[in-house]
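Reviewing the structure listed below.
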Amino acid sequence: MSPALPIRLERLAYRVPGKTILDCLEATIAEPGITALIGPNGAGKSVTLRLIDGLLTPSEGTIRIGADGSARRAFVFQRPALVRASVSRNVALALEPLALSRRERTSRIERALARVGLRGRAGDPATKLSGGEQQRLALARAWATEPQLLLLDEPTASLDPAATEALEALVAEMAGGGTKILIVSHNLGQVARLADDVVVLDAGRAVEHGPTRQVLFHPRTAEARAYLKGELPWTSFAAAS
Amino acid sequence: MHETLSDTFSRLASLDREVFAIAWLSLRVSLSAVLIGCLVGIPLGSLVAVSRFPGRSGAVGLLNAAMGLPPVIVGLVVYLLLSRSGPLGPLGILFTPAAMVAAQSVLVTPLIAALTRQIVADAEAHLGEQLRSLRLSAWRRAGILIFDVRFSLLTAVLAAFGRAISEIGAVLVVGGNIDGFTRTMTTAISLETQKGDLALALALGLVLIGLVILVSMAASLLRAYAARAYG
Ligand SMILES: Nc1ncnc2c1ncn2[C@@H]1O[C@H](COP(=O)(O)OP(=O)(O)OP(=O)(O)O)[C@@H](O)[C@H]1O
Ligand SMILES: [Mg+2]
């Protein structure tokens, strides 16, 4: 069992002055593999990921990750945030808090870059990479830390189909290696291809949670039906599934 | 007029020792002040940019307002501090280059801090969350942000140098424009103009402009190089 499981979100609330963003959100993610978080714009998906990562603190409720909350987490944002330094330096930065030996650090950087196909670019300035390459670098950076829980917020939103496919393959490979993955995506074809289960958020609550096929094809709640009807590109989705 | 101009160039050409000494003093004083301004202003601005504390927006407002401090007022305050009966009087540095460095430091520190805060805040908006997610310590995060914007900070440093080398109020009040000791380019230009030695005033003016252009060209070359190397 992955040390990141189960992930329990209990009566989770997140408020900012004058606004309730999450409102008594309940979900338990117990299965390994890839869980997708879907829902309309402003539903609270990104806030939920930030809460799980610890970037935000809940106003109410609790988040329990695994038995003792010690699971190593990594976050890949929609827009890759890279520092103005070389490709390998960007990965090295993520390894700093892990206190690895120099040898282990070098070998992890090399392996991570090789895995995303950027080994030949290790010395290049990271900001000179294309959008897709930057996102792959962000994934390599997360990968190098060997996370037990990986949070992905619309990682392919600005990528072309080829780059999207490359990233999806990497994500699937990581999940296969035992990393628990939570992914937010508006690309329902991608959700169908990658996710084992799906949580639907609407107006700060989890309105539905079930196996991918069931949620996408036979949503039980009106909110999930409304979202899927509006967002689902039926033709491409049918082709993908 | 024609005579003044040719006289200006002949004095420039001979690189009059007096002109050279004055330019050198100006440069030393202003560069020292900018160095002190960087040592204080860059960490201060970064700290305000990355930390959250009560009264922060007030601090930012104050910092921004302090960018426009009138040099002569800064000179006056530093004069009062350094004068014999002032709290720093025992130092005995009034009417010395050290006093001019002190006054110009006070002048440029808020400028550097305010510009640094803006530049680092922009970088924080872009990178901050990612760095926190990597569980890097606050100090480390601040260090990474400053390093990331190092070439943009050059603009702030340059602005500070421009302000320092071209101001007259502060150096005049605390330095006293003493011939051969605290006379800078700006105070000399003002004095020589009043005395009617327009050739010397113009020669000094050309040197001053030349210095400012040289420094800013060096800075933009460095930035262009950095943009090519780091994007
Ligand atoms: N720091 C904040 N202050 C105020 N409002 C916020 C803050 N963060 C998020 N919100 C609001 O909370 C709501 C949910 O935001 P969130 O980013 O989680 O939505 P989302 O489900 O990720 O939407 P999208 O699909 O557009 O990415 C939005 O209405 C957003 O404006
Ligand atoms: Mg979002």
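The values are calculated or read from the model by the stated rules, or taken from the named source; none is laboratory data. All values derive from a computational prediction rather than experimental measurement. As a convention, Cβ positions derive from the backbone with ideal geometry for all residues, glycine included, and neighbour counts pool all protein chains shown. Just so you know, the surface numbers come from the protein's heavy atoms only, side chains and all, with ligands and any DNA or RNA stripped out. Shrake-Rupley method; radii C 1.70, N 1.55, O 1.52, S 1.80 Å.
Observations, loosely collected:
- Single condition A:E10 does not satisfy, out of (1) part of a strand (DSSP E or B); (2) touching a helix residue (DSSP H, G or I) at 6+ places or on another chain (Cβ under 9 Å); (3) away from ligand 2 (no atom under 16 Å from the Cβ); (4) within 29 Å of A:G176 (Cα to Cα): (2)
- One residue alone among A:A85, A:A92, A:A99, A:A74 is within 14 Å of chain B (Cβ to nearest Cβ), free of Cβ contacts under 8 Å to residues at least 12 places away in the same chain and aliphatic (A, V, I, L, M), and that residue is A:A99.
- B:L76 meets all of the listed conditions (1) within 14 Å of chain A (Cβ to nearest Cβ); (2) over 15 Å from the mean Cα position of the chain (by Cα) but one, namely (1).
- Qualifying position, being within 14 Å of chain B (Cβ to nearest Cβ), out of contact with any Pro (no Cβ under 7 Å at 6 or more places or on another chain) and within 11 Å of ligand 1 (Cβ to nearest atom), among A:L37, A:L22, A:L55, A:L51: A:L55
- B:S216 vs. criteria open to solvent by 20 Å² or more (accessible area, probe 1.4 Å) and polar (S, T, N, Q): yes
- Put simply, of A:V191, A:V199 the only residue that is within 16 Å of ligand 2 (Cβ to nearest atom), modelled with pLDDT of 95 or more, under 17 Å from A:L9 (Cβ atoms) and under 15 Å from the mean Cα position of the chain (by Cα) is A:V199.
- Extreme residue, surrounded by the most Cβ atoms within 10 Å (Cβ to Cβ), among residues of segment A:123-134 that are more than 11 Å from every other protein chain (Cβ to nearest Cβ) and assigned to a helix (DSSP H, G or I): A:E133
- A count restricted to segment A:61-71 and to residues that are open to solvent by 40 Å² or more (accessible area, probe 1.4 Å) and within 14 Å of chain B (Cβ to nearest Cβ) stands at 1.
- Test for A:R8: is it among the basic types (K, R), under 20 Å from the mean Cα position of the chain (by Cα), more than 19 Å from A:S185 (Cβ to Cβ) and open to solvent by 40 Å² or more (accessible area, probe 1.4 Å): yes
- Breaking point among (1) aliphatic (A, V, I, L, M); (2) away from chain A (no Cβ under 14 Å); (3) touching a residue at least 60 places away in the same chain (Cβ under 8 Å), for B:L153: (2)
The rows are residues; the columns are (1) open to solvent by less than 40 Å² (accessible area, probe 1.4 Å); (2) touching a strand residue (DSSP E or B) at 6+ places or on another chain (Cβ under 6 Å).
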position: A:S2; (1), (2): yes, yes
position: A:R15; (1), (2): no, no
position: A:K19; (1), (2): no, no
position: A:T35; (1), (2): yes, yes
position: A:N41; (1), (2): no, no
position: A:G44; (1), (2): yes, yes
position: A:T48; (1), (2): yes, no
position: A:S59; (1), (2): no, yes
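- Any hit, segment B:161-175, residues being buried (at least 17 other Cβ atoms within 10 Å of the Cβ) and of a type in the set (K, R): yes
- Checked against (1) touching a Lys or Arg at 6+ places or on another chain (Cβ under 8 Å); (2) part of a loop (DSSP other than H, G, I, E, B), B:L154 passes all but a single condition, namely (2).
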